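Each value in this text was obtained by applying a stated rule to the coordinates, not by laboratory testing. Computed from a predicted model, the values in this text were never measured in an experiment. Positions of Cβ are generated from backbone atoms using ideal geometry, with glycine treated the same way; all protein chains shown enter the neighbour counts.
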Amino acid sequence: MELTSLKGIGEKTAGAFKRLGISCVSDLCTYYPREYEAYSVPMPLYELRPGSIGVVEGTLSKDATLNRFNGLTIVNAYLSDMTGRLQLSWYNIPYIKSNLKAGSRYVFRGRVYEKNGRLIMSQPKMYSPEDYRERFEGRLIPVYPLTKGVNNNLLIKAVGEALKTEDLASYEYLGDNMLEKADLMPENEALIRIHFPRSNKELMNARRRIAFDEFFMFLLAGARLRERVKATRSNYKCRPEFRMINFIAGLPFELTKGQSDAYKAIVHDLNSGNVMNRLIEGDVGSGKTIVAVLALMYMAFNGYQGALMAPTEVLARQHAETIMKLFNAQGINLTVALITGSMTAKEKETAYEHIKNGDAQIIIGTHALFQDKVEYKSLGLIVTDEQHRFGVAQREALSQKGEMPHTLIMSATPIPRTLAIILYGDIDVSVIDVLPEGRMPIKNCVVNADYRERAYKFINDEIEKGHQAYVVCPAIEAEDEEEGAGGNLENVLDYAKKLSTALKGRRVAYLHGQMKGAEKDDIMMRFKEGEIDVLVSTTVIEVGVDVPNATVMMIENAERFGLAQLHQLRGRVGRGKAQSYCIMINTSDTEKAAERLDILNKSNDGFFIAEEDLRLRGPGDLFGVRQSGEMVFNLADIYSDKEVLEKAKETVAAVLGEDPGLTMDIHSRIRLRLDNYMDNGYTV
Ligand code: ADP
Ligand code: MG
């Protein structure tokens, strides 16, 4: 149903919603909150702790005062209860003074700071005690990701309307016995309570149900895809290829043990006569690309085509260049084709032609590789880089190209083997667990915004030494996110300007996901060639980008990112021989943020970080910063929702055990939901 059919939503608001990926009423129902604000029972003043959000009730000892200086206004008031006294301060809201009367009782809710040994509550919201008790106390209010023109209150209203309008009961696809067996909340209830929980427990249950659904569809789709691949004889059986030995010997570096073992396992698979289905896991910078290159070459020498799919254009182009460089260096006579969305129609035509007639032996691109238009002559191998970035729909499209090609998946997500097997079935796993020799561990620091000037000077010195730097910001432009989201996020456009001034004479450029493909390519290429000193970017550079000459990664609003994502970002440096640095600017003053960032500060090991993150969040803390970028799930988390993941696995097994083709009437809704999922599966 159209968004504009909802009360209070006109064309303009509907347009703003589009930017959040919300284009119809049911999208609103599944636009889940980022976190929740707890409106607790007021606490005695002596229980307040700095850095936390407090709710207090008491009497004002005197009227509020208003002071002005430097164009700033400050309203101060003092609240007392039986246990103590608290200063309340409001900046630039002068009119609030007239509402604050001595002797009256109020409830205040706001963040508490410590200054000169005393506590201050800053910018608190005020309520009459009656109103607070009636409308807020004990509630969890959803906080949504926002954009320009959409504030949190608007979303709360719109979601409320959407939940009333949609026929949620018609969504349910699981039978009562299945719900009972897996101990699940009905879906319609879960969809309401994920937005408007009445208690923490209700929220956990709603979330658990939705996580279950995400896992269930992922696993069901995966199981049905694999059914076709299982123990299938391959049409692309390979034979040992001696040209590979020379090529490996002629590489500019020696393969690490992990790389060489992974390559041997691949060769074994390809020669075995069965279809290969292998996952290569290795931390950022462990050198997975060269393993993919070797596999693709091996296929090509055996007379078959191979395709390498990357999640971004920037990365696809980078891979193509790396491969061509390696081939040129040793005079390897294989043809590489690159397909990206930003190529002209004519360029694409030519590439398609070469792929069809077999002139192109190694084909690299984004998921554009698997459009219907692209016909392969003999596609024997598909390599997927950064696998977790692709949805089932894309994997489906991919597996339908060629006749049961071999598949190789590369991932930096540290998934323990047991989890990998639940998620991907009977896949073979190779782990590259050592970094190439001669790498110096990255030096880390977590600092607050006061450190910026020193960081710029440090970056300047590194540039002086001939190195380059990245600065990552969470937003693209100012007001990308509005109040409620924490405000004051650094944005790429303003930051690049600011930095050009701070680093006079240095070449500063910026990069973000909304730029045109060709523009992005151009910037990346110039950065790679050393024509840009500092690249200010969003997380588009998170995945895979390899510029070994870059030695500084500075991350603004670091507390806003998931730990796995920060680890990926940091992995953009420390790729060469020089000492590299990661500067994380923490703009939050909560203990939690400091503790999380300290994990990264202490360790450069992805597996350790994933474990610590899990320990810190614990199964109860489901709404800390999510592992964004991790896997394709919207809300579920493979680590903290492991119990639900197992339940979903059992349920899928039970359903398919009874009815492998999903042809039974009682499963018709599951089938419908699956078809829908395959068509629209989550994408990057
Ligand atoms: P990732 O595993 O993150 O995809 P890459 O494949 O991009 O890592 O490799 C990171 C860098 O390490 C590249 O510059 C690559 O050339 C280099 N590299 C890969 N293998 C080795 C090796 N065995 N010895 C030295 N450098 C290597
Ligand atoms: Mg990579």
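Dividing the Cα radius of gyration of the chain by 2.2 N^0.38 Å, with N the residue count, gives 1.05. Below 14 angstrom from the Cβ of G517, what's the summed charge of the other residues (Lys, Arg +1; Asp, Glu -1)? Result for the neighbourhood of G517: -1. Note: relative contact order over the chain, using C-alpha pairs below 8 Å and six or more positions apart, is 14 percent. Across region 118-132, computed HN-Hα scalar couplings (Karplus, 6.51 cos²θ - 1.76 cosθ + 1.60, θ = phi - 60°) run 10, 8, 10, 9, 10, 6, x, 7, 10, 9, 7, x, 5, 4, 4 Hz from first to last residue, x flagging Gly and Pro.
Counting charges near S199 (Lys, Arg +1; Asp, Glu -1) among other residues having Cβ under 13 Å from its Cβ returns a value of +3. Residues whose amide H lies under 5 Å from that of L308, counting only those 5 or more places away or on a different chain, are I363, I364, G365, V383; hydrogens are built 1.01 Å from N in the peptide plane. On full extension, the segment bounded by K577 and E529 gains 15.5 nm, given 0.36 nm per residue less the C-alpha separation. Taking a point 7 Å from the Cα of R454 along the Cα-to-Cβ direction, the residues of region 555-598 with backbone N closer than 14 Å to it are 583-586.
At a Förster distance of 60 Å, what's the computed FRET efficiency of S40 paired with K264, Cβ-Cβ distance as r, to 0.05? Here the calculated transfer efficiency is 0.55. Can you pull the one-decimal nm distance between simple spin-label points at F69 and R118, each 7 Å off the Cα toward Cβ? About 1.4 nm, to one decimal.
Just to confirm a number: summing +1 for Lys and Arg and -1 for Asp and Glu over residues other than S588 whose beta-carbon lies under 9 angstrom from that of S588, what do you get?
Numbers: positive: R560, K592; negative: E559, D589.
So the surrounding residues net to 0.
Here the peptides 633-642, 568-577 are ranked by packing, the mean other Cβ count within 10 Å, and the order with the highest first is 568-577, 633-642.
Computing FRET efficiency as 1/(1 + (r/R0)^6) for K257 and F607, where r is the C-beta to C-beta distance and R0 is 25 Å, gives about 0.90.
Descending by average beta-carbon neighbour count within 10 Å, the peptides 190-196, 140-146 line up as 190-196, 140-146, the highest first. Site pair N676 and T322 shows an inter-label distance of 4.0 nm when each label is modelled 7 Å from Cα along Cα→Cβ.
M1 to K497: FRET efficiency via 1/(1 + (r/R0)^6), r the Cβ-Cβ distance, R0 35 Å, to the nearest 0.05? After rounding to 0.05, the efficiency reads 0.25. Ordering 585-593, 308-316 by mean Cβ neighbour count within 10 Å, with the highest value first, yields 308-316, 585-593.
Put simply, the amide H of T73, placed in the peptide plane, has neighbours under 5 Å in N92, leaving out anything fewer than 5 places away on its chain.
Any chance you could give the angle, 0 to 90 degrees and rounded to 10, that helix 288-301 forms with the longest Cα principal axis of the chain? Approximately 30 degrees, to the nearest ten. I'd like the antiparallel share, as a percent to the nearest 5, of DSSP beta bridges with both residues in the chain. Looking only at bridges with both residues in the chain, the antiparallel portion is about 40 percent. Modelled spin labels at D598 and R49, positioned 7 Å past Cα toward Cβ, are 1.3 nm from each other.
Using 0.36 nm per residue and subtracting the Cα-Cα separation, the extra length available between R239 and E591 on full extension is 120.9 nm.
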